[in-house]
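The values are calculated or read from the model by the stated rules, or taken from the named source; none is laboratory data. Predicted, not measured: the structure shown is a model, and the values here were computed from it. Cβ placement follows ideal geometry from the backbone for every residue including glycine, while neighbour counts extend to all protein chains displayed.
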Amino acid sequence: MTDPGVPVVPLDSAESTVSTKRIVVLAGSAFVVLAAEPLFLLVDTAVVGHLGRVQLAALGAAGTIMTLLAIIGSSLEYGTTGRAARYFGAGRRDAAVNEGVQASWLAATIGLAAVLIGEAVAGPLTQLVAGGAGPVAEAAESWLRIAILGLPGVLLVLAGNGWLRGVQDTRTPVRIVVLANVLSMIASPLLVYPAGLGLRGSAIANVGAQWLAAVLCVLALRRESAAPAPKWQVMRKQLVVSRDLVIRAAAFQLAYLTAASVAGRMGAAQLGAHQVGLQLWEFIALLLDSFAIAAQSLVGAALGGGNVDAARATAWRVSRYGLVAGVVFAAVMAAGWYVIPALFSSDAAVRHQSHVLWPWLVAMMPVAGVVFALDGVLLGAGDNAFIRTITVVGAVLGYVPLSLLALRLHWGIGGVWAGLAAFILIRFIGMMWRTGSGRWLIVGEQV
């Protein structure tokens with residue numbers, strides 16, 4: 001692979017127009033990559049949703065657990081991007097690519113361990129999330145036991161995305177992720193319906209996409225002529241960097257798992273609606289995250305090259321872009337409040353519960369656009385400790401307690417989504433303060 005993407009860092013304010021173009025190019029590439037998998041998940045949710053309320057609720061429960069089991073994947077991805085971007089900004093592409101090699105070794109090792117753990121706890125976890133033994137828990141377990149087999153592939157893809165973004169390769173991730181997910185979008189409905197596999201067909205389609213993309217990511221590393229040998233010293237540093245990001249990811253998943261468990265105890269209709277809303281939220285959140293990924297790559301490269309002014313200017317520019325994108329998505333979701341839920345379920349009760357959570361989904365979008373953009377800024381700067389802390393505070397003081405109160409005080413699914421809104425608001429306040437303080441502007445190849 002020879003395409004280095006876009007040049008690294010503008011050196012003076014006169015090049016601000018070039019910087020804007022660079023943000024748009026990187027964000028556009030990230031947008032396609034980020035959209036591909038959640039778009040597949042939306043298609044998958046719609047396919048499964050028409051099997052019935054139980055199957056849709058089961059997919060929601062099992063999908064939450066899969067995300068929990070893959071918790072270190074996002075840490076590998078974002079940690080690798082930040083480290084690779086700083087090396088790339090300092091003119092050391094070979095060191096940046098080596099970050100990808102070592103992250104891939106970690107991904108394969110951790111992924112295999114996650115498969116073993118996941119298979120061992122699949123039954124109890126699905127019952128916990130689904131609200132006890134029953135048809136939903138049974139269906140969720142059957143999906144999960146198949147889907148777990150794709151976990152090493154998931155982590156390898158995340159590690160691959162990490163180093164490719166770090167070296168500002170705007171093409172390879174698009175080719176890999178789009179190909180794998182388009183094939184899965186075709187396979188899922190065929191396996192679910194004509195092949196008669198039902199919910200299990202959805203899981204098989206997931207696993208196939210994940211392993212295909214993983215193989216393509218490994219081939220991309222081989223084309224770089226990178227030394228394939230594992231280097232424990234580098235992996236140890238990656239694990240240290242990932243430590244705070246793992247805690248951050250754990251706070252996310254604790255909050256999401258709590259919310260899904262609460263929704264499951266409210267009823268199958270509420271859990272089904274929560275699955276629809278959450279998939280839409282995650283789809284849009286990942287699209288908004290495209291600005292965060294552009295910021296992470298550019299801020300990391302700027303600080304690696306010693307350009308503080310470029311890093312600061314990029315931070316505020318991407319936050320403005322994130323705000324505009326959030327407003328646009330909010331308008332689209334507000335206009336589709338009646339039509340969109342019907343695309344995912346023919347069950348009247350599920351659609352009604354979706355309408356209950358819809359105002360919260362719409363209201364969060366503009367603020368979330370800024371939050372996700374600043375997330376990328378601070379991740380690119382390696383300010384992982386602060387990101388960890390503000391995420392834990394948002395989960396512990398916002399999302400989790402409001403979700404539990406929603407069950408105890410009978411607020412319904414709207415109360416669960418009020419918790420998610422509080423989570424976003426707390427992070428917004430903290431990140432705006434941190435970015436304005438400038439404490440994250442530390443130059444050098446690594447923090």
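A few notes on this one:
- Only listed residue being buried (at least 24 other Cβ atoms within 10 Å of the Cβ) and under 24 Å from the mean Cα position of the chain (by Cα), chosen from Ala139, Ala108, Ala103: Ala103
- Gly91 out of contact with any His (no Cβ under 8 Å at 6 or more places or on another chain) and surrounded by fewer than 23 Cβ atoms within 10 Å (Cβ to Cβ): yes
- For the stretch 167-185, the count of residues that are on the phi < 0 side of the Ramachandran plot, part of a loop (DSSP other than H, G, I, E, B), surrounded by fewer than 24 Cβ atoms within 10 Å (Cβ to Cβ) and over 21 Å from the mean Cα position of the chain (by Cα) is zero.
- A count restricted to the stretch 96-119 and to residues that are of a type in the set (A, V, I, L, M) and without any contact (Cβ under 8 Å) to a residue 40 or more places away in the chain stands at 3.
- Residues within the stretch 198-228 that are in contact with a helix residue (DSSP H, G or I) (Cβ under 8 Å, 6 or more places away or on another chain), hydrophobic (A, V, I, L, M, F, W, C) and more than 21 Å from Val115 (Cβ to Cβ), tallied: 4
- Note on the stretch 285-318: among residues that are buried (at least 24 other Cβ atoms within 10 Å of the Cβ) and polar (S, T, N, Q), the one that is farthest from Gly436 (Cα to Cα) is Ser290.
- Tally, over the stretch 335-383, of residues that are hydrophobic (A, V, I, L, M, F, W, C) and closer than 16 Å to Leu278 by Cα: 16
- Filter result for Ala250 (in contact (Cβ under 8 Å) with a residue 40 or more places away in the chain, assigned to a helix (DSSP H, G or I) and crowded, with 20+ Cβ neighbours inside 10 Å): no
- Candidate set from the stretch 379-402 (those that are modelled with pLDDT under 90 and part of a helix (DSSP H, G or I)); member that is surrounded by the fewest Cβ atoms within 10 Å (Cβ to Cβ): Ala385
- Of the criteria (1) free of Cβ contacts under 8 Å to residues at least 60 places away in the same chain; (2) over 17 Å from the mean Cα position of the chain (by Cα), which one Gly326 fails: (2)
- Scanning the stretch 272-289 for residues that are among the aromatic types (Phe, Trp, Tyr) and modelled with pLDDT of 85 or more yields a count of 1.
- Boolean, Thr435 is modelled with pLDDT of 90 or more and under 19 Å from Phe291 (Cβ atoms): yes
- Subset of the stretch 384-410 that is without any contact (Cβ under 8 Å) to a residue 24 or more places away in the chain and in contact with a helix residue (DSSP H, G or I) (Cβ under 7 Å, 6 or more places away or on another chain) - its residue that is farthest from Leu245 (Cα to Cα): Leu405
- In the stretch 411-426, the residues that are under 17 Å from Val371 (Cα atoms) form Cβ pairs under 7 Å with partners that are of a type in the set (Ser, Thr, Tyr), at six or more places apart or across chains, as follows: Gly419/Tyr399; Gly419/Ser403; Leu420/Tyr399; Ala422/Tyr399; Phe423/Tyr399.
- Residue check, Pro194 surrounded by fewer than 19 Cβ atoms within 10 Å (Cβ to Cβ), part of a loop (DSSP other than H, G, I, E, B) and touching a residue at least 12 places away in the same chain (Cβ under 8 Å): no
- Within the stretch 321-363, the residues that satisfy the criterion of being among the aromatic types (Phe, Trp, Tyr) and touching a helix residue (DSSP H, G or I) at 6+ places or on another chain (Cβ under 6 Å) are Tyr321, Phe329, Trp337, Phe344, Trp360.
- Qualifying residue in the stretch 77-93 (condition: of a type in the set (A, V, I, L, M, F, W, C), in a helix (DSSP H, G or I), under 26 Å from Val24 (Cα atoms) and within 22 Å of the chain's Cα centre (by Cα)): yes
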